[in-house]
Amino acid sequence: MSFQSLKPRIETILQQQNLPVDDRLQELCELLKETIPYYTWVGFYFKNGDKEELKLGPYAGEPTDHTIIPFGKGICGQVAVSNQNFVVPDVAAQDNYIACNIHVKAEIVVPLFINGENIGQIDIDSNTPDPFTQDDERFLEWVNEQVAEILR
Ligand code: SME
């Protein structure tokens, strides 16, 4: 399934105004996990109120103990501070990394902005080594722009 062909399906999921936003995000996570073979775990983290920490939102994949991540900690916490995409081809080579699952080989985290403010992120873990390209970055940036529209 190409990223391009997934876009209309994602728009349809996000536009279900009869469903709570978290239910739509849950469906979105499940769609991405099920249709992109190297997306092993797909989830959203959001800034936790006024605190300098991220809180786990909707996700698809194995449950994680890391439901709260302080800013600066792990790949996710670093993206909360840097406002930049973080592509990790090999998690074993990262010092500041929070392991969720021993099978994870790679990770990509893309920040989610509303009116220029970094309010959260999409986080993808992969059990495949070095699977992410710039196409994933552009696609996930597009996904986050669509999500931002329903969070506004
Ligand atoms: N690996 C992440 C923690 C979140 S789990 O992947 C779900 C990190 O280093 O921030």
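The values are calculated or read from the model by the stated rules, or taken from the named source; none is laboratory data. Every value quoted in this text rests on a predicted model; they were computed, and no experiment measured them. Quick reminder, even Gly has a Cβ in these numbers, built from the backbone with ideal geometry, and neighbours come from all protein chains shown. The protein model used for the area step is the full one, side chains on, heavy atoms only, and it has no ligands, DNA or RNA in it. Shrake-Rupley method; radii C 1.70, N 1.55, O 1.52, S 1.80 Å.
Points to keep in mind about this one:
- Restricting the stretch 51-145 to trypsin sites (Lys or Arg not before Pro) in coil, as DSSP defines it, with at most 13 other Cβ within 10 Å: Lys51
- The chain: most fluctuating residue of Ile114, Ile69, Ile124 per GNM, C-alpha cutoff 10 Å: Ile114
- Using C-alpha pairs below 8 Å separated by at least 6 residues, the relative contact order for the chain is 21 percent.
- Rounded to the nearest 10 Å², the accessible area of Ser82 at probe 1.4 Å: 60 Å²
- At the residue level, Ile150 shows approximately 40 square angstrom of accessible surface with a 1.4 angstrom probe and all protein chains present.
- Fluctuation leader among Val81, Val109, Val42 - the chain, Gaussian network, Cα springs under 10 angstrom: Val81
- Prolate/oblate/rounded call for the stretch 57-105, Cα gyration tensor, a/c under 1.5 rounded: oblate
- Gyration tensor verdict on the chain (Cα atoms; rounded if a/c is under 1.5, prolate if a/b is larger than b/c, oblate otherwise): oblate
- Among Tyr39, Tyr59, Tyr97, the largest mean-square fluctuation in a Gaussian network model of the chain (Cα springs under 10 Å) belongs to Tyr97.
- Phe113 accessible area, assembled protein chains, probe 1.4 Å, Å²: 80 Å²
- With every protein chain in place and a 1.4 angstrom probe, the accessible-area ranking of Trp41, Trp142, largest first, reads Trp142, Trp41.
- Percent carbon-and-sulfur accessible area, the stretch 43-142, ignoring ligands, DNA and RNA, probe 1.4 Å: 47 percent
- Under the shape rule built on the C-alpha gyration tensor, where the axes satisfy a ≥ b ≥ c, the stretch 69-150 is oblate, since a/c reaches at least 1.5 while a/b does not exceed b/c.
- Net charge dipole size for the stretch 3-151 [Lys, Arg +1 and Asp, Glu -1 on Cβ; Debye, nearest 20]: 80 debye
- Think of the chain as having a plus end and a minus end, set by charges on the Cβ of Lys, Arg, Asp and Glu; of Thr64, Ile75, Phe113, Phe113 sits farthest toward the positive end of this dipole.
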